[in-house]
Amino acid sequence: MGFADEARALHEAEHQRARQTDSRSDREEAHRLIAEFISAAQELGIAPEPIRVFRAGYVTERPRYSSLLGWNIGDYEAVGEDGELYSTLVKGGLFGSREPTRVAEIRLEREDLNAQAYTLRSMLLLYLKLNMPKN
């Protein structure tokens, strides 16, 4: 292995470590935001509901409801009572799963299907604002 190859390998290893650190810190920040969201929802009296799920390829049909309770914060994402972020787009045909899947890699910023950028924080705040009890 020459110097150039070794330099490239070191460079790639440093980037890999940085990505892992960023991913870990994003996950920790996301869990902090989700915990704050759950606390705020409870304080505002916004009760969790059965999480709505949609079958992949059938998003125009009526949603089905899972046994998990939480808050549907976006078209295809929900926060569970357990403090996890879930994808509500499930695989399977007519008899596919009714349970959302836990999002393994949480990113604080992402793009939706229409390529509009949003942040997890903005989604959580918008949900609270739109669902606040009218007094």
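The values are calculated or read from the model by the stated rules, or taken from the named source; none is laboratory data. Note that this is a predicted model, so its numbers are computed, not measured. Cβ coordinates were reconstructed from backbone atoms using ideal geometry, including for glycine residues, and neighbour counts include every protein chain displayed.
For (1) in contact with a strand residue (DSSP E or B) (Cβ under 7 Å, 6 or more places away or on another chain); (2) buried (at least 20 other Cβ atoms within 10 Å of the Cβ); (3) among the charged types (D, E, K, R), each residue gets a yes or a no:
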| residue | (1), (2), (3) |
| --- | --- |
| E43 | no, no, yes |
| P48 | yes, no, no |
| Y65 | yes, no, no |
| N72 | yes, yes, no |
| D82 | no, no, yes |
| Y86 | yes, yes, no |
Notebook entry, point to check: Looking at (1) modelled with pLDDT of 80 or more; (2) within 18 Å of V103 (Cα to Cα); (3) surrounded by 12 or more Cβ atoms within 10 Å (Cβ to Cβ), which is the one condition that is false for R32?
Noted result: (3)
Note to self: List the residue pairs whose Cβ atoms are under 9 Å apart, where the first residue sits in the stretch 28-42 and is closer than 11 Å to G70 by Cα, the second is modelled with pLDDT of 90 or more and assigned to a helix (DSSP H, G or I), and the two are 6 or more positions apart or on different chains.
What the structure shows: none
Margin query: Could you tell me how many of the residues in the stretch 43-75 are in contact (Cβ under 8 Å) with a residue 24 or more places away in the chain, aromatic (F, W, Y) and under 14 Å from L89 (Cβ atoms)?
Written below: 1
Next item on the list: Would you confirm whether any residue within the stretch 120-133 is part of a strand (DSSP E or B), modelled with pLDDT of 75 or more and touching a strand residue (DSSP E or B) at 6+ places or on another chain (Cβ under 8 Å)?
Entry: no
Margin query: Condition first: surrounded by fewer than 18 Cβ atoms within 10 Å (Cβ to Cβ), modelled with pLDDT of 85 or more and not acidic (D, E). Can you find one or more residues in the stretch 6-16 that meet it?
Written below: no
